[in-house]
2 protein chains.
Amino acid sequence: MRALIALGGNAMTGRGGSATPRDQGRAIEQAMQHVAELVAGGVEVVLTHGNGPQVGNLLVKNELAASVVPPVPLDWCGAQTQGTIGFLILDALDRALATRGVERPVAALVTRTRVDAADPGFTAPTKPIGRYLPRTEAQVLLEHGQTWEDRGAKGWRRVVASPEPLEILDAPAIRALGEAGFIVVGAGGGGIPVVREPDGRLRGVEAVIDKDLAAALLARQVAADVLVIATDVDHAILDYGTPDARPLGHVTPEQMRAYAAAGQFASGSMGPKVEAAVRFVEQGGRRSVITSLQRIGEAVSGDAGTTVARP
Amino acid sequence: MRALIALGGNAMTGRGGSATPRDQGRAIEQAMQHVAELVAGGVEVVLTHGNGPQVGNLLVKNELAASVVPPVPLDWCGAQTQGTIGFLILDALDRALATRGVERPVAALVTRTRVDAADPGFTAPTKPIGRYLPRTEAQVLLEHGQTWEDRGAKGWRRVVASPEPLEILDAPAIRALGEAGFIVVGAGGGGIPVVREPDGRLRGVEAVIDKDLAAALLARQVAADVLVIATDVDHAILDYGTPDARPLGHVTPEQMRAYAAAGQFASGSMGPKVEAAVRFVEQGGRRSVITSLQRIGEAVSGDAGTTVARP
């Protein structure tokens, strides 16, 4: 049984999304307890993770230090978070496995995800990132070619492309390490976005990739039996926030697409998770599960969360 | 023939050490031409690299943004540079190989290096990092537990531990990928320094590891035939800066230690390279070469630079 586990932001930040080094470290230590349990149970695990709050912090540093050191582009920020989060996961998972008497090596890979230079996101960016700024400060960054939008009372916010992930370029390395017995961390933050130029050259681009959509792609590329999207709720909920609210158990991809088309899932949160879960199954995967971090063990063994599968 | 190539700062920064994203990218593209030539010639390559200017930039960002986002510790900065430099190397080397018609996959690993918590560097730090600051600003950081030293007219500078690398913890993953046919980038910046606590837990520590000493260790751990330390000069020079200055060709480890003991090599630059070259051979390696990036091909084939080997 091979499982691709996609860890959401809550697995890597403290309460209220705190991304202090200490809170990140503690959250990851907690998360790795659950992952180690899976491994101890004989599941072959490939891990991926989000990086939203971490990239947000890096962007602020870029801005505030711009007059002294050159800011780095967004793809570099993604690469930076693969380093730090990968490192924290390695230490925490090594430890969580050792305390369970499990001897399995762990590895974290710098991972690139190919996107299309013609993706509509690059001409009409939609994904908000980083902090809100007053208009005057946003204006300076607008003049540097960034896209910022007026969000009313909160201020202005940067929007960037969130292109479709087309290929996890470093999936072969993830597979090779898996075959050698490693638990692998890869495609962190959806992978570092790169485009292939007409001459074949790869080039990093300023964008963020949805980590759940990248996870669905990676799950196929590593031939995972199950894709588990770990978040902060046990299930996707129908009619959320109404008296009719009810958790979704087992659904087919067609049912799930119908619910999504009916506007059941928020575009910024549950929407991409549902889309990723459906895609994996539509494109040949056996089963996707959306559930909480605490339930990933049950999810893999087949009885927790919202499961998308063919009947 | 397996070669461990350690790339110095000049392989990753522009003129005068410029570490703008564009200059870093261009320098790495140039460096990868030389590496790709080696690979095209049938050499099995493992790459490692320095990260001094890049960490310097990250420290400045930490300082300048500290009132808005939490600064991250030095081990995290190292991890961040493994992400960005690894990413740039992946793209550039992929391309340099493709233009030579060589189909070899490339991978970059987040890599930790174990050091001793009792290393003397932690009680008496000696390695200067980052920028000079006026006394008043350094004072604030001193009060936060950092060590800063008065460097006279230039200002104050932070000094940190540069502990001995004891084990490249992620060398098994580097080996596994090498065996699967990958050219692997690992132990960037000497590796992320971690200590093993008495209870077995691994913990990142605020330190920097000399990348050449880490390279010598990694070269043994991956059973390299030759360690090549690529820098900006073709040879180590005896009586440097005097009328008797002469390049060193082939030397034994014993001769090299004698030269080093006689103060022939500057402690901050050639000294650690010489120490690394000697160690690799003393500890069972066949041959170490110190030479310029442009000559790494000849160095591996056996006829360039300063070569340390048994007679």
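Within the range A:143-170, restricting attention to residues that are within 14 Å of chain B (Cβ to nearest Cβ) and not in a loop (DSSP other than H, G, I, E, B), the residue that is farthest from A:ALA3 (Cα to Cα) is A:GLU167. Contact map, the range B:126-142: first residue open to solvent by less than 70 Å² (accessible area, probe 1.4 Å), second residue part of a helix (DSSP H, G or I), Cβ cut-off under 7 Å, separation 6 or more or different chains; pairs are B:ILE129/B:VAL55; B:ILE129/B:GLY56; B:ILE129/B:LEU59; B:GLY130/B:GLY56; B:GLY130/B:LEU59; B:GLY130/B:VAL60; B:ARG131/B:GLY56; B:ARG131/B:VAL60. Selection of the range B:17-34 for residues being touching a Ser or Thr at 6+ places or on another chain (Cβ under 7 Å) and either free of Cβ contacts under 8 Å to residues at least 12 places away in the same chain or not in a helix (DSSP H, G or I) (or both) yields B:ALA19, B:ASP23. Collect the residues in the range B:172-196 that are without any contact (Cβ under 8 Å) to a residue 60 or more places away in the chain and either within 17 Å of A:PHE87 (Cα to Cα) or among the charged types (D, E, K, R) (or both), keeping them in residue-number order. Listed by number, the residues that qualify are B:PRO172, B:ARG175, B:GLU179. Here A:ALA19 fits the description: buried (at least 19 other Cβ atoms within 10 Å of the Cβ) and within 17 Å of the chain's Cα centre (by Cα). On the given criteria, is A:GLU44 farther than 23 Å from A:ALA171 by Cβ and at pLDDT 90 or above? No; evaluated as a whole, the condition is false for this residue.
Taking the criterion of being within 16 Å of A:LEU59 (Cβ to Cβ) and among the β-branched types (Val, Ile, Thr), the residues of the range A:132-157 that qualify are A:VAL140, A:THR147.
Here the strands (runs of 3 or more DSSP E) wholly within the range A:171-252 that include at least 1 residues being open to solvent by 20 Å² or more (accessible area, probe 1.4 Å) and either basic (Lys, Arg) or in contact with a Lys or Arg (Cβ under 8 Å, 6 or more places away or on another chain) (or both) are A:192-196, A:202-204.
For the range B:253-273, taking the residues that are of a type outside the set (S, T, N, Q) and either in a loop (DSSP other than H, G, I, E, B) or in contact with a Leu (Cβ under 9 Å, 6 or more places away or on another chain) (or both), the one that is modelled with the lowest pLDDT is identified as B:GLY268. More than 9 Å from chain A (Cβ to nearest Cβ), at pLDDT 95 or above and closer than 19 Å to B:ALA3 by Cα: is that true of B:GLY181 in this structure? Criteria not met by B:GLY181. Just the residues that are within 20 Å of B:ALA214 (Cβ to Cβ) and either open to solvent by 40 Å² or more (accessible area, probe 1.4 Å) or outside any loop (DSSP other than H, G, I, E, B) (or both), please, taken from the range B:1-16. B:ARG2, B:ALA3, B:LEU4, B:ILE5, B:ALA6, B:LEU7, B:GLY9, B:ASN10, B:ALA11, listed by residue number. Could you please find all residues in the range A:37-54 being surrounded by 23 or more Cβ atoms within 10 Å (Cβ to Cβ), touching a Leu at 6+ places or on another chain (Cβ under 8 Å) and not β-branched (Val, Ile, Thr)? The answer is A:LEU47, A:HIS49, A:GLY50.
Kindly provide the set of residues from the range B:105-125 that are open to solvent by 70 Å² or more (accessible area, probe 1.4 Å) and modelled with pLDDT of 95 or more, ordered by number. Result: B:ASP116, B:ALA118, B:PRO120. Filtering the range A:159-170 to residues that are open to solvent by less than 10 Å² (accessible area, probe 1.4 Å) and either among the charged types (D, E, K, R) or not assigned by TED's automatic domain parsing to the domain that holds A:VAL194 (or both) leaves only A:ASP170.
The values are calculated or read from the model by the stated rules, or taken from the named source; none is laboratory data. Only a predicted model underlies this, so the values are computations on that prediction, with no experimental measurement involved. Virtual Cβ from ideal backbone geometry, glycine too; neighbours counted across all protein chains shown. Only protein heavy atoms, including side chains, enter the accessible area calculation; ligands, DNA and RNA are left aside. Shrake-Rupley method; radii C 1.70, N 1.55, O 1.52, S 1.80 Å.
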